[in-house]
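To start, the structure itself, in structure tokens.
The values are calculated or read from the model by the stated rules, or taken from the named source; none is laboratory data. In this text the structure is predicted, and so the values were computed from the model without any measurement. Heads up, the Cβs are rebuilt from the backbone with ideal geometry, glycines too, and the neighbour counts pull from every protein chain shown. Remember, those area values only see protein heavy atoms, side chains included, never the ligands or the DNA or RNA. Shrake-Rupley method; radii C 1.70, N 1.55, O 1.52, S 1.80 Å.
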Amino acid sequence: VQLQASGGGLVQAGGSLRLSCAASGRIFSINAMRWYRQAPGKQRDLVAVISSGGSTNYGDFVKGRFTISRDNAKNTVYLQMNNLKPEDTAVYYCNVVMTWGTVWGQGTQVTVSS
């Protein structure tokens, strides 16, 4: 199974971006799908998670600004990011939980200028 993340880029504060992460390969069942982020010199933090049933949870620092969603037919998870702030600058990683283990994507850079 491979994950391909896309949608990162450079945006001004207050702007929006939509990240996508598509899973491919021998996929039978995906459980939770997650987005993490890691800024330079900092730990990797959980941004948002969506269960197989559609339940969601978010890090306190993004509540009300970001929305996670998934398209099970496309094995894809999305992260809609609104009202971006310079402190949101980081590499964003997708992560999916399979029945046999966890898979990480390669990361996509998000840079928010002030």
State the number of residues belonging to the range 59-80 that are open to solvent by 60 Å² or more (accessible area, probe 1.4 Å), of a type in the set (G, A, S) and at negative phi.
1
Elements of type strands (runs of 3 or more DSSP E) contained in the range 49-114, each with 2 or more residues being farther than 16 Å from R37 by Cβ
66-71, 90-98, 102-104
The range 14-48, residues that are in contact with an Asp or Glu (Cβ under 9 Å, 6 or more places away or on another chain) and part of a loop (DSSP other than H, G, I, E, B):
A39
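Do we have any residue at all in the range 28-48 that's β-branched (V, I, T) and within 12 Å of the chain's Cα centre (by Cα)?
Checking the range 28-48: at least one residue is β-branched (V, I, T) and within 12 Å of the chain's Cα centre (by Cα).
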Taking the range 81-114 as the search range and keeping residues that are under 18 Å from L3 (Cα atoms) and of a type in the set (S, T, N, Q), which one is least open to solvent (accessible area, probe 1.4 Å)?
N95
Is there a residue being β-branched (V, I, T), at pLDDT 95 or above and over 22 Å from S113 (Cα atoms) anywhere in the range 27-41?
no
Give the residue that is farthest from T67 (Cα to Cα), with candidates limited to residues of the range 6-28 that are without any contact (Cβ under 8 Å) to a residue 60 or more places away in the chain and surrounded by 13 or more Cβ atoms within 10 Å (Cβ to Cβ).
A22
Between a residue in the range 59-76 that is β-branched (V, I, T) and any residue that is open to solvent by less than 30 Å² (accessible area, probe 1.4 Å) and outside any strand (DSSP E or B), which pairs come within a Cβ distance under 8 Å, given they are 6 or more apart or on different chains?
V62/D88
In the range 29-46, residues that are exposed (fewer than 13 other Cβ atoms within 10 Å of the Cβ) and within 20 Å of W100 (Cα to Cα) total 2
Of the residues S69, S113, which single one is of a type in the set (G, A, S), more than 25 Å from G25 (Cα to Cα) and either more than 11 Å from the chain's Cα centre (by Cα) or at pLDDT 95 or above (or both)?
S113
